[in-house]
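> Below is a structure I'd like to ask you about.
The values are calculated or read from the model by the stated rules, or taken from the named source; none is laboratory data. Model, not experiment: these values are computed from the prediction. Quick reminder, even Gly has a Cβ in these numbers, built from the backbone with ideal geometry, and neighbours come from all protein chains shown. Surface areas here come from the heavy atoms of the whole protein model, side chains and all, with no ligands, DNA or RNA. Shrake-Rupley method; radii C 1.70, N 1.55, O 1.52, S 1.80 Å.
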Amino acid sequence: MRYLIPLPGLIKPDEGTYTLPSDAAIFVRPDQEEIRRVGGFLADCLRPATGFELPLLPADAPSTDGILLTIEEERTDLGEEGYELIVEPNGILLRAPYLTGLFHGVQTIRQLLPPAIESHAKQLGAWQVDCVTIQDVPRFGWRGVMLDVARHFFPVTAVKRLIDQMAYYKFNILHIHLTDDQGWRLMIRSWPRLAEYGGTTDFTGGRGGFYTQEEYGQIVEYAAARYIDVIPEVEMPAHVNSALASYAVLNDPEMACPLYTGYEGGSSSLAIHKEVTYQFLEDTLRELAELTPGPYIHIGGDEAHSTDETDYKIFIDRVQKIVQGLGKKCIGWEEISRADLLPDTVVQHWWQAPLAQEAARRGHKLILSPASRVYLDIKYDASTSLGLDWTKQYIEVQDAYNWDPASILGDVTEKSILGVEAELWTETIVTVDDIDYMLFPRLPACAEIGWTPQEKRRWEDYCPRLANHGQRLAAMGIKFYRSPQVSWE
Ligand code: NGO
């Protein structure tokens with residue numbers, strides 16, 4: 001049986017099975033460092049549970065059978081991220097025009113093997129795969145996950161763990177919410193008190209924390225090695241209490257406010273008419289841009305309840321130009337569509353559909369994060385001990401699965417949609433186990449929405465696949481929510 005999530009666009013079952021032998025090798029063509037890295041990733045995934053050596057060899061090396069990874073540039077039909085996978089009784093062939101596609105295909109190979117393959121300790125096997133031909137290309141190029149490290153800080157190890165989970169489900173964007181009222185989490189060298197002082201609090205009275213630029217660089221690098229781009233978010237002009245508390249000069253009148261650890265969001269505002277505000281932003285965004293290989297910087301923009309409407313527009317206008325001057329493009333929460341936007345500014349939908357619809361009408365691309373579907377900080381049901389419920393709708397697994405990006409915003413069509421992004425705000429999320437519990441098993445639903453063609457998606461078909469993934473998640477050490485909607489294996 002095949003239990004793939006996200007479901008590939010095309011699956012053609014064939015006769016027979018392939019069994020990975022103990023002397024199998026992983027072959028690469030061409031034999032170049034980058035492709036060896038993808039092969040090495042696969043080998044690292046398969047070695048612990050199989051106990052096999054799985055050497056990496058060039059494709060023409062004489063040997064027994066195994067798994068061949070090959071770049072075929074002419075297969076442009078597979079796009080930047082697609083791949084083709086053929087399992088025959090004597091081996092597995094994975095091909096793609098680009099490394100990204102190969103990397104996604106590697107995740108499919110992992111999922112074709114029995115769940116025990118994800119175990120960190122040696123298992124009995126046998127490592128059998130049913131013969132099949134798969135052609136697989138994602139529906140959307142933006143398949144994101146956001147982690148809020150501001151309300152509660154999570155160390156680099158926790159973020160790397162999340163990146164590995166994301167890679168398994170073929171996500172390609174990690175959005176990190178780096179600053180908020182309750183904490184500033186990245187060292188800005190030209191304004192060091194932001195992190196050193198503004199980073200000392202969190203939502204529940206803990207000691208907070210922040211990333212040095214070296215640590216943040218490690219996150220970006222670790223993600224890049226898994227074909228995931230990191231999108232940094234610095235909130236403005238609201239959700240800025242940690243900055244206002246760190247530097248008196250950012251306040252009007254010039255007096256630092258106390259650090260804040262409460263629940264009310266958006267009651268702080270930058271001083272729109274002070275030039276030093278823009279000096280602070282230029283410095284911060286410049287340092288951030290230097291740490292960001294990708295094209296986007298997220299400027300927040302939501303819930304600016306204490307910023308005057310005219311001031312808000314003036315502010316968004318100036319900040320977009322600062323970001324543009326750094327060679328980057330802006331993303332903002334849908335409230336920014338109240339201002340004039342540069343043509344390539346991207347708008348992220350979360351709660352106020354008319355604002356997002358208006359942005360689409362004006363030609364802006366959207367990222368969809370509807371709070372009723374992909375806010376994975378919202379409770380599963382009334383009994384969930386973690387999580388928020390401000391949306392007044394719980395999100396059980398089926399709610400997370402049963403929606404279509406192309407119809408959720410009325411007349412906004414697929415053409416305007418870059419993709420989907422699941423959000424994990426962390427007011428109530430404190431530990432890595434908390435992250436796991438809220439993300440799983442809802443995150444795989446979001447993965448499939450972003451990847452699989454809508455006409456192939458059916459809850460009845462998804463449910464048994466997810467049940468099988470329960471075993472995989474358990475083998476990975478993920479303590480997930482055992483939703484009563486799924487017959488767990
Ligand atoms: C809102 C708010 C965040 C909260 C989150 C909690 C947005 C874009 N702003 O989403 O500050 O943390 O809800 O679910």
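> Condition test on Arg207, is it under 17 Å from the mean Cα position of the chain (by Cα) and of a type in the set (Lys, Arg)?
For Arg207, the condition - under 17 Å from the mean Cα position of the chain (by Cα) and of a type in the set (Lys, Arg) - is not met.
> Still on this structure, please answer the following. When you check Asp180 against the structure, is it in contact with a helix residue (DSSP H, G or I) (Cβ under 8 Å, 6 or more places away or on another chain), under 21 Å from Gly332 (Cα atoms) and open to solvent by 20 Å² or more (accessible area, probe 1.4 Å), yes or no? Please lay out each step first, then the result.
Details: in contact with a helix residue (DSSP H, G or I) (Cβ under 8 Å, 6 or more places away or on another chain): yes; under 21 Å from Gly332 (Cα atoms): yes; open to solvent by 20 Å² or more (accessible area, probe 1.4 Å): no.
Here the answer is no, as Asp180 does not meet what is asked.
> Do we find a residue being part of a helix (DSSP H, G or I) and modelled with pLDDT of 95 or more anywhere in region 474-486? Steps first, please.
First, the residues of region 474-486 that are part of a helix (DSSP H, G or I): 474-475.
Then keep just the ones that are modelled with pLDDT of 95 or more; that gives 474-475.
Yes, region 474-486 contains a residue that is part of a helix (DSSP H, G or I) and modelled with pLDDT of 95 or more.
> Taking into account only those residues within region 421-464 that are among the polar types (S, T, N, Q) and within 16 Å of the ligand (Cβ to nearest atom), which is least open to solvent (accessible area, probe 1.4 Å)? Show your work before the answer.
Pass one, region 421-464, residues among the polar types (S, T, N, Q): 426, 428, 431, 452, 454.
From the residues that got through so far, the ones that are within 16 Å of the ligand (Cβ to nearest atom) too are 426, 428.
Numbers: Thr426: 0, Thr428: 42 Å².
Among residues in region 421-464 that are among the polar types (S, T, N, Q) and within 16 Å of the ligand (Cβ to nearest atom), the one least open to solvent (accessible area, probe 1.4 Å) is Thr426.
> In region 23-51, which residues are of a type in the set (Asp, Glu) and surrounded by fewer than 14 Cβ atoms within 10 Å (Cβ to Cβ)? Explain how you work it out, then say what you get.
The initial filter retains those residues of region 23-51 that are of a type in the set (Asp, Glu), namely 23, 31, 33-34, 44.
Across region 23-51, the qualifying residues are Asp23, Glu33, Glu34, Asp44.
> Let me ask something else about it. For region 375-386, does any single residue satisfy the condition of being at positive phi, modelled with pLDDT of 95 or more and not β-branched (Val, Ile, Thr)?
The answer is no, given that none of the residues of region 375-386 is at positive phi, modelled with pLDDT of 95 or more and not β-branched (Val, Ile, Thr).
Listed here are the residues, each with its yes/no results for (1) in a loop (DSSP other than H, G, I, E, B); (2) out of contact with any strand residue (DSSP E or B) (no Cβ under 9 Å at 6 or more places or on another chain); (3) not assigned by TED's automatic domain parsing to the domain that holds Gln471.
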| site | (1), (2), (3) |
| --- | --- |
| Asp77 | no, no, yes |
| Glu81 | yes, no, yes |
| Ile92 | no, no, yes |
| His104 | no, no, yes |
| Thr108 | no, no, yes |
| Ala116 | no, yes, yes |
| Lys122 | yes, yes, yes |
| Gly125 | yes, no, yes |
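> Also: Working carefully through the options Glu309, Glu303, find the one that is on the phi > 0 side of the Ramachandran plot and among the charged types (D, E, K, R). It would help to see each step written out before you state the result.
Values: Glu309 fails: on the phi > 0 side of the Ramachandran plot.
Just one listed residue meets the conditions, Glu303.
> Residues of region 379-408 being in contact (Cβ under 8 Å) with a residue 40 or more places away in the chain, among the aliphatic types (A, V, I, L, M) and away from the ligand (no atom under 16 Å from the Cβ), which ones?
Passing the criteria: Val397, Ala406, Ile408.
> Something else about it: Listed residues Arg207, Arg193, Arg151; which is among the basic types (Lys, Arg), within 16 Å of the ligand (Cβ to nearest atom) and open to solvent by 10 Å² or more (accessible area, probe 1.4 Å)?
Working: Arg207 fails: within 16 Å of the ligand (Cβ to nearest atom); Arg193 fails: within 16 Å of the ligand (Cβ to nearest atom).
Among Arg207, Arg193, Arg151, only Arg151 is among the basic types (Lys, Arg), within 16 Å of the ligand (Cβ to nearest atom) and open to solvent by 10 Å² or more (accessible area, probe 1.4 Å).
> Hey, among Val346, Val374, Val323, which residue is within 12 Å of the ligand (Cβ to nearest atom) and in the same structural domain as Asp283 (by TED's automatic domain parsing)?
So the residue among Val346, Val374, Val323 that is within 12 Å of the ligand (Cβ to nearest atom) and in the same structural domain as Asp283 (by TED's automatic domain parsing) is Val374.
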